[in-house]
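See structure below.
The values are calculated or read from the model by the stated rules, or taken from the named source; none is laboratory data. Since the structure is predicted, the reported quantities are computational estimates derived from the model, not experimental observations. Here the Cβ is made from the backbone with ideal geometry for all residues, glycine too, and neighbour counts use every protein chain on show. The protein model used for the area step is the full one, side chains on, heavy atoms only, and it has no ligands, DNA or RNA in it. Shrake-Rupley method; radii C 1.70, N 1.55, O 1.52, S 1.80 Å.
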Amino acid sequence: MTSLNGHTTGAVGEEAVLADIRGMLAVLLDEYGLGDVEIRMDTTFNRDLELESIDLVALAGLLEEKYGNRVNFAEFLADMDFDEIIELTVGRLVEHVVASLKAAEAG
């Protein structure tokens, strides 16, 4: 994305992706009656949202629906150890999605 002065604005990309991910998580959390949870960049999937591994599988499906094969959530998780997955934040996922989308655009 570019701003009016022609510079790349990563923050705008992150905000758009964060909004997308918030929407996806709202769908998942609504199943547990938790649709009104505040989701920030430092929100953790495990500790704050209490998502289980099956929820991450569902999130992977939602990411694929939205971004297609440009974002590979399974590959992203495969590069982490167990503790990293437990501590995974929304912000880290947002950064991964933004980087993946930029890489796909660059070709």
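Points to keep in mind about this one:
- Picking from residues in segment 1-27 that are at pLDDT below 50 and in contact with a Ser or Thr (Cβ under 9 Å, 6 or more places away or on another chain), the one that is nearest to Thr43 (Cα to Cα) is Val12.
- Evaluation of Leu63 against (1) modelled with pLDDT of 95 or more; (2) open to solvent by 30 Å² or more (accessible area, probe 1.4 Å); (3) touching a helix residue (DSSP H, G or I) at 6+ places or on another chain (Cβ under 6 Å) (one fails), failing number: (2)
- Checked against the criterion of being assigned to a loop (DSSP other than H, G, I, E, B) and of a type outside the set (Phe, Trp, Tyr), the candidates Leu51, Leu25 yield just one match: Leu51.
- Scanning segment 27-57 for residues that are open to solvent by 40 Å² or more (accessible area, probe 1.4 Å) and among the hydrophobic types (A, V, I, L, M, F, W, C) yields Val27, Leu34, Val37, Met41, Ile54, Val57.
- Selected residue (criterion: least open to solvent (accessible area, probe 1.4 Å)) from residues of segment 88-107 that are farther than 19 Å from Leu28 by Cα and free of Cβ contacts under 8 Å to residues at least 60 places away in the same chain: Ser100
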